[in-house]
Amino acid sequence: MDMQLQGARVIVTAGAGGIGRAIVEAFRAEGARVATCDINAAALDGLPADVLREVVDVADAAALAAFVDGMAAAMGGLDCLVNNAGIAGPTGRIEDLDLAEIKRCLSICLTSQFVTIGRAVPHLRDSDNPSIVNISSLAGRLGFRLRSPYAAAKWGVIGLTKSMAAELGPDRIRVNAVLPGLVAGERQRRVLQSRADARGIDFEQAETEAFSYTSIHDYVTPQQIADQILFLASPRGRTISGQALSVCGDTGMLG
């Protein structure tokens, strides 16, 4: 299916690996021009040569704002912003969590999206097909025991998304959130292992329990997340805004 994204100018945060890299590659396959940032310089070096890239810690608001402005200028404008950057944050009971780790989780998973959207909007207003897609999580819809900083940040992403959809609708800028479930990859494995360690069970038990809460007992792939984002960013999604769309195999709870 032609998604009509040939020549689209796209910024993806944290695009050097995992879901972010799948998003970058999906847009490239549609003929879009893509810019990305990541904290991992070596991973950025592994991206195709035509992808614009810069090493940025998204917790550094000044560096992140400069990245958005610089890449929009380099591409001659901006049509789509994908806020993908995020970290798992600390795992543990609320009374045991380190405040510095809580603040860093909120900064990367939520505050960074305020920064990028604020810088992107002036560029998006000049686009014929402007859109923003924010990566949230099922943790933004469901409670998540022992992962409260991450869940709080991802709930915040949905609130930001719905607020921006209302605020930017008059400018024709549509804003949506995508909520991945259990996504195949090393990051998900680390999350499940952390939960297993915190509860004193083995990895297999934690994985089996996680899938017991889903109707489709299988991992979501990064490509499935990327496919959803392509549709939202394409002209085919021109009237979809303010939505929190789950790609999760029908997950009822996170434990």
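Where the only charges are on Cβ atoms (+1 Lys, Arg; -1 Asp, Glu), what is the dipole of the range 85-166 about its Cα centre, to the nearest 20 debye?
Dipole size: approximately 160 debye.
Would you please state the base-10 log of I(q)/I(0) at q = 0.16 1/Å for the chain, with intensities from the Debye formula using one equal scatterer on every alpha carbon?
-1.18
By its C-alpha gyration tensor, with a ≥ b ≥ c as the square roots of the eigenvalues, how is the range 124-254 shaped: rounded for a/c under 1.5, else prolate for a/b larger than b/c, else oblate?
prolate
Taking amide H positions as placed 1.01 Å from N in the peptide plane, with prolines and chain starts having none, which residues 5 or more places from Val82, or on another chain, fall under 5 Å of its amide H?
Counting only residues 5 or more places away or on other chains, the set is Ile11, Val12, Thr13, Val133.
So for each of 82-94, 8-20 I average, over its residues, the number of other beta carbons within 10 Å; can you give me the resulting order with the highest mean first?
Going by the mean number of other Cβ atoms within 10 Å, highest first, we get 8-20, 82-94.
In nm, give the distance between the simple-model label positions of Gln205 and Arg172, each being 7 Å from the Cα along the Cα-to-Cβ direction.
About 5.7 nm separates the two model spin labels.
In whole Hz and in residue order, list the ³J(HN,Hα) couplings for the range 33-45 that follow from phi through the Karplus curve 6.51 cos²θ - 1.76 cosθ + 1.60, θ = phi - 60°; x for Gly and Pro.
Each residue of the range 33-45 in turn: 9, 10, 10, 8, 10, 6, 7, 9, 5, 5, 5, 4, 4 Hz.
Compute the separation of the alpha-carbon centres of the range 193-243 and the range 1-43 and state it in Å as a whole number.
20
Could you work out how far apart the two model spin labels at Glu95 and Ser163 are, taking each label as a point 7 Å from the Cα in the direction of the beta carbon, and quote it in nm?
Result: 3.2 nm between the two label points.
Which one of Ile39, Ser163, Ile225 is farthest out on the positive end of the charge dipole of the chain, using unit charges on Cβ (Lys, Arg +1; Asp, Glu -1) and the Cα centre as origin?
My answer, from the dipole projection, is Ser163.
If you add up the charges near Asp50, with Lys and Arg at +1 and Asp and Glu at -1, over every other residue whose beta carbon is less than 11 angstrom from its beta carbon, what do you get?
Numbers: positive: Arg28, Arg33, Arg53; negative: none.
Computed value for this residue: +3.
Do you know the relative contact order of the chain, to the nearest whole percent, from alpha carbon pairs under 8 angstrom that are 6+ apart?
Relative contact order of the chain: 20 percent.
Per-residue HN-Hα couplings for the range 81-87, Karplus 6.51 cos²θ - 1.76 cosθ + 1.60 at θ = phi - 60°, whole Hz, x for Gly and Pro?
So the J values, rounded to whole Hz, are 10, 10, 8, 9, 4, x, 10.
Would you compute, from DSSP H runs of 4+ residues alone, the mean residue ellipticity of the chain at 222 nm, taking -39500 (n - 2.57) per run and dividing by the full residue count, rounded to the nearest 500?
It lands at -13500 deg cm²/dmol.
Let me know the charge dipole size of the chain about its Cα centre in debye, to the nearest 20, where only the beta-carbon of Lys, Arg (+1) and Asp, Glu (-1) is charged.
520
FYI, it's all coordinate maths here, none of it is from the lab. Predicted, not measured: the structure shown is a model, and the values here were computed from it. All Cβ positions, even for glycine, are placed from backbone atoms using ideal geometry, and neighbour counts span all protein chains on display.
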